[in-house]
Amino acid sequence: MKLIRVLLALSLLAAPLPASAHEQLVDQTPAVNSVVEAGRVKISLDFNNDLLVLSGSGAEILVTGPEGELLNKGCALVDKRNASLEIELDQPGEYQVAWRVVSSDGHPITDSFGFTLVNGTGFVADRSFESVPCEDPVLISDAADSAPEFGYWLLWVSLGLVAVGLFFYLRPKRKS
């Protein structure tokens with residue numbers, strides 16, 4: 001009878017748990033490593049589910065220029081499954097975009113990509129242009145995404161230790 005309880009307990013611990021999938025980026029403009037003409041560039045991130053709209057630092061898109069300078073303050077416009085930002089760019093070179101959004105389950109999602117800007121038309125950017133007004137620049141941290149993974153590993157290791165403890169506690173004892 002104890003053996004059946006042990007097997008039942010172990011089978012419950014080994015049963016697959018439902019996965020909690022976070023929102024995922026399904027489309028973006030500009031594409032990774034694409035070539036973009038100078039002008040008003042719309043950075044658009046489309047996700048598979050609605051994003052949370054939070055005041056303050058809910059969604060950020062940071063654009064860094066060819067010299068490594070931060071070109072905007074970081075705020076992004078969120079509309080259901082889309083986060084976007086428009087910015088005027090005129091300096092040819094490599095640009096980096098770092099973004100952070102909050103999924104509908106409250107977890108932050110971050111990533112980055114690059115694109116190349118060319119200026120064949122002689123466009124001159126208006127440095128005061130802001131499509132999404134915000135007060136302070138935001139620094140995006142990679143630590144926000146790595147913390148939940150560590151928590152999941154800790155959970156699985158703890159469950160394994162509990163299973164081993166149950167096995168030794170409930171196993172049949174030899175009579176001497």
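The values are calculated or read from the model by the stated rules, or taken from the named source; none is laboratory data. Because the structure is predicted, anything quoted here is derived from the model rather than measured. A quick note on method: Cβ atoms are made from the backbone with ideal geometry, for glycine too, and the neighbour counts reach across all protein chains shown. Surface accessibility is based on the protein's heavy atoms, side chains included, excluding ligands, DNA and RNA. Shrake-Rupley method; radii C 1.70, N 1.55, O 1.52, S 1.80 Å.
Taking the stated definitions as given, is LEU161 at pLDDT below 80, open to solvent by 70 Å² or more (accessible area, probe 1.4 Å) and of a type in the set (A, V, I, L, M)?
Details: at pLDDT below 80: no; open to solvent by 70 Å² or more (accessible area, probe 1.4 Å): yes; of a type in the set (A, V, I, L, M): yes.
Judged against the criteria, LEU161 is not a match.
Does the range 61-76 hold any residues that are touching a residue at least 60 places away in the same chain (Cβ under 8 Å) and either in contact with a Ser or Thr (Cβ under 6 Å, 6 or more places away or on another chain) or open to solvent by 40 Å² or more (accessible area, probe 1.4 Å) (or both), and which are they?
LEU70, LYS73 - these are the residues of the range 61-76 that are touching a residue at least 60 places away in the same chain (Cβ under 8 Å) and either in contact with a Ser or Thr (Cβ under 6 Å, 6 or more places away or on another chain) or open to solvent by 40 Å² or more (accessible area, probe 1.4 Å) (or both).
Checking the structure you have, find out if any residue of the range 118-134 is in a strand (DSSP E or B) and either at pLDDT 80 or above or in contact with a Gly (Cβ under 8 Å, 6 or more places away or on another chain) (or both).
yes
Scanning the range 68-90 for residues that are touching a strand residue (DSSP E or B) at 6+ places or on another chain (Cβ under 7 Å), in a loop (DSSP other than H, G, I, E, B) and not charged (D, E, K, R), which turns out nearest to THR116 (Cα to Cα)?
LEU71
Can you find a residue in the range 45-60 that is at positive phi, touching a Phe, Trp or Tyr at 6+ places or on another chain (Cβ under 7 Å), open to solvent by 50 Å² or more (accessible area, probe 1.4 Å) and assigned to a loop (DSSP other than H, G, I, E, B)?
The answer is no, given that none of the residues of the range 45-60 is at positive phi, touching a Phe, Trp or Tyr at 6+ places or on another chain (Cβ under 7 Å), open to solvent by 50 Å² or more (accessible area, probe 1.4 Å) and assigned to a loop (DSSP other than H, G, I, E, B).
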